[in-house]
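J.: Quick one: the structure is below, questions incoming.
The values are calculated or read from the model by the stated rules, or taken from the named source; none is laboratory data. This is a predicted model, so every value here is computed, not measured. Please note: Cβ atoms are built from the backbone with ideal geometry, for glycine as well, and neighbour counts cover all protein chains shown. Protein only, heavy atoms only, side chains kept; ligands, DNA and RNA dropped before computing areas. Shrake-Rupley method; radii C 1.70, N 1.55, O 1.52, S 1.80 Å.
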Amino acid sequence: MKEWLAGQKALFVLNFINDDRWRYLTDGLVLTLEITFFALILGLTIGIIIAIIRATHDNAYETMSPGPGKVILKLLNIVSKVYLTVIRGTPVVVQLLIMYYIIFATSNNKIIVAVLAFGINSGAYVAEIVRSGIMSIDKGQMEAGRSLGFNYVQTMTGIIIPQAFKNVLPALANEFITLLKETSVSGYIALQDLTKGAYIIIGRTYSAFMPLIAIALIYLILVMFFTWLVGRLERRLRSSDH
Amino acid sequence: MTTENNVLIEVKDLEKHFKKSTVKALNGVDVKINKGDVVVVIGPSGSGKSTFLRCLNLLEVPTGGHIWFEGQEITDKKNNINKMRQKMGMVFQSFNLFPHKSVRENITMAPVKLGIMKKEEANRRAEELLQRVGLPDKIDAYPNNLSGGQKQRIAIVRALAMNPDVMLFDEPTSALDPEMIGEVLDVMKELARDGMTMVVVTHEMGFAKEVATRVIFMEDGRILAENTPREFFENPENERLRSFLSKVL
């Protein structure tokens, strides 16, 4: 037993203490959080815009009077559908690699490439989540807003989206957690995120157990923390229901 | 185009043909509504009375005909419908309060966001109106904690907060428990007494008799009879109206 403990201690020192190897993990964690955060903002922005386009098209296209507005809506809807199909139909790693090696072949700001790739990917899933939220709101809400004199966009942003957002918060939280974990493929474009950090340590020490378990724990704790945070937010938003 | 001073809403040849339907929901409706009028629209279900009301503020877009409100043509796309709706309050059968906002926010949101009142002014107006409908203590409640009758009274206040020139009521008591209908009708009666122009789609014949200045009977997308409540109920000329009244009275 004593020997085993001593062995574990030696492994710990080798993997994390020697040459300050723990810094691969902390630096990697910071980068993972950075990419996740900005990709989340980008994904939410894209997702909400696409959701509004799709929901508007589904709700109002039939009854719209002919004109340039109708044509533009049709085009936007087609673009949105293509975007959703392509993004949801291909693996995120492939999207990341295409972004890095093809679209941004001349740029070497990898962080921005990763944020764009993950953000655009997440946006597709957020769009469908938010759209289902918008569809779940009674159409009387839109009518009430319009009857007071709000225009379509004011009613959407002031009345429909806040309620839709509340309804889909659990699904959005799930998407956020998925995003956080998906950034672990950032290593494919040589970004040193949390997972890549562990990988580098393994390359130096030829010992896989501790670095892998360490990052697994870190991901797990992060996810548990954010789940708790979203739970609190949900309870606060629900205050109007009791 | 009309310029008579006291005409608030004029409707000409109004038609509405829903895409998937074979019959016209509205088939040539002509009405003039003067300032101060309380027009009650009755008729069997499917007669087009709600569609007619919803066309007045363009929640339903007519497929034919014209509507003027305060001399401006609502059905003309060049006119700003959002501006015109600010002057047309609407009350729905299912209340449609905003559940994520408090009663105060429900009432003050539109006047403040649309730049009609400052926040303090809107707050004062909300308090004053809530006082009038007997719900001053509900200002910080959320809609989900209110009874149907309370919700509808607050929906009326929300529309009134915009200082509209006309109030449209789309079956305002149809979703209420019987014992709550009275409290909503009382608010509407008081409004009528204060001179508010109202168009009311309802099944409440008592309300029509008591406060209407005119009663309209609709069937199959047309107006079959239109008269003062006295004449309307006591001497119905139209055969179809007679049989309708015999069933509902």
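J.: Per residue, how large is the accessible surface of the protein assembly as shown? Use a 1.4 angstrom probe and give square angstrom.
T.: 49 Å²
J.: Rounded to the nearest 20 Debye, what is the dipole magnitude of chain A about its Cα centre when Lys and Arg each give +1 and Asp and Glu each give -1 at the C-beta?
T.: Dipole size: approximately 80 debye.
J.: In addition: For the stretch B:94-103, in order, what is each residue's ³J(HN,Hα) by Karplus, 6.51 cos²θ - 1.76 cosθ + 1.60 with θ = phi - 60°, in whole Hz (x at glycine and Pro)?
T.: 9, 6, 6, 5, 8, x, 8, 10, 5, 4
J.: Next question, about the same structure. So how do B:Val31, A:Val230 rank on accessible area, 1.4 Å probe, biggest first, that is with the largest at the start?
T.: Reading off the accessible areas and sorting them downward yields A:Val230, B:Val31.
J.: In peptide B:101-113, what is the residue-averaged number of other protein chain Cβ atoms found within 10 Å of each Cβ?
T.: 2
J.: Hey, another quick one. Starting with the highest mean, order B:41-53, A:2-14, B:138-150, B:166-178 by the number of other Cβ atoms within 10 Å, averaged over the residues of each peptide.
T.: B:41-53, B:166-178, B:138-150, A:2-14
J.: Here's something else I'd like to know. Return the carbon/sulfur percentage of the accessible area of the stretch B:170-221, one whole number, probe 1.4 Å, all protein chains in place.
T.: Answer for the stretch B:170-221: carbon and sulfur cover 43 percent of the accessible area.
J.: For peptide A:149-162, how many partner chain Cβ atoms fall within 10 Å of a residue's Cβ, on average?
T.: The per-residue average across the peptide is 4.
J.: Continuing with the same structure: Place the peptides B:191-197, A:44-50 in order of packing, highest mean first, counting for every residue the other Cβ atoms within 10 Å and averaging per peptide.
T.: The peptides rank, most packed first, as A:44-50, B:191-197.
J.: May I ask for the angle, rounded to the nearest 10°, between helix A:22-60 and the longest principal axis of chain A, with both axes built from Cα atoms and the value confined to 0 to 90°?
T.: Long axis of A:22-60 versus the principal axis of chain A: about 10 degrees.
J.: Can you put B:Glu239, B:Glu105 in order of accessible area, largest first, using a 1.4 Å probe?
T.: Order by accessible area, largest first: B:Glu239, B:Glu105.
J.: A further question follows. For peptide A:223-232, compute the average count of partner chain beta-carbon atoms within 10 Å of each residue's beta-carbon.
T.: The per-residue average across the peptide is 0.
J.: Another question about this same structure. Farthest toward the dipole's positive end in the protein assembly as shown, which of B:Leu249, A:Ala60, B:Ile116, given Cβ charges of +1 (Lys, Arg) and -1 (Asp, Glu) about the Cα centre?
T.: Sorting the options by dipole projection puts first A:Ala60.
J.: When chain B is modelled as a GNM with alpha-carbon springs shorter than 10 Å, which of B:His66, B:His100, B:His203 fluctuates the most?
T.: Looking only at B:His66, B:His100, B:His203, the largest GNM fluctuation is found for B:His100.
J.: A further question follows. Between the helical axis of B:178-193 and the dominant principal axis of chain B, each derived from Cα atoms, what acute angle in degrees is found, rounded to the nearest 10?
T.: In chain B, helix B:178-193 runs at an angle near 90 degrees to the longest axis.
J.: While we're looking at this one, here's another question. Counting only protein heavy atoms and a 1.4 Å probe, tell me what percentage of the stretch A:104-154's accessible area is made up of carbon and sulfur.
T.: Carbon plus sulfur share of accessible area: 60 percent.
J.: Using only protein heavy atoms and a 1.4 Å probe, how much accessible area in total is buried between B and A, to the nearest 100 Å²?
T.: For B against A, buried area totals roughly 2200 Å².
J.: Looking at B:Thr202, B:Phe233, B:Tyr142, which one has the Cα that reaches farthest to the positive end of the dipole of chain B (charges on Cβ: Lys, Arg +1; Asp, Glu -1)?
T.: B:Tyr142
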